[in-house]
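Everything on this sheet refers to the single structure shown next.
The values are calculated or read from the model by the stated rules, or taken from the named source; none is laboratory data. Predicted, not measured: the structure shown is a model, and the values here were computed from it. Every residue, glycine as well, gets a Cβ built from its backbone with ideal geometry; the counts of neighbours run over all protein chains shown. These accessible areas exclude ligands, DNA and RNA; they are computed on the full protein's heavy atoms, side chains included. Shrake-Rupley method; radii C 1.70, N 1.55, O 1.52, S 1.80 Å.
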Amino acid sequence: MFAATMKEAVEVAGRFPRLRSRIEAAGAESTGYADAPDDTFAYGLTALLDGLTARLPG
């Protein structure tokens with residue numbers, strides 16, 4: 001499914017040179033394109049929960 005999505009992204013990106021170059025560069029790298037810092041999930045979850053907590057009555 002990922003391969004099909006990337007194929008479609010490359011087709012769409014063909015009309016946008018900067019986007020195309022970024023996708024091509026990501027394809028050349030085997031890892032690292034979608035990497036995020038280790039604490040990204042925890043940070044996002046904490047922010048979400050803090051927002052929900054702020055909405056609680058009392």
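Residue under question is Arg20, and the condition is that it be surrounded by fewer than 10 Cβ atoms within 10 Å (Cβ to Cβ) and either modelled with pLDDT of 85 or more or touching a Gly at 6+ places or on another chain (Cβ under 7 Å) (or both); does it hold? No. Every listed requirement among (1) open to solvent by 100 Å² or more (accessible area, probe 1.4 Å); (2) modelled with pLDDT under 80; (3) not aliphatic (A, V, I, L, M) is met by Gly32 save one, (1).
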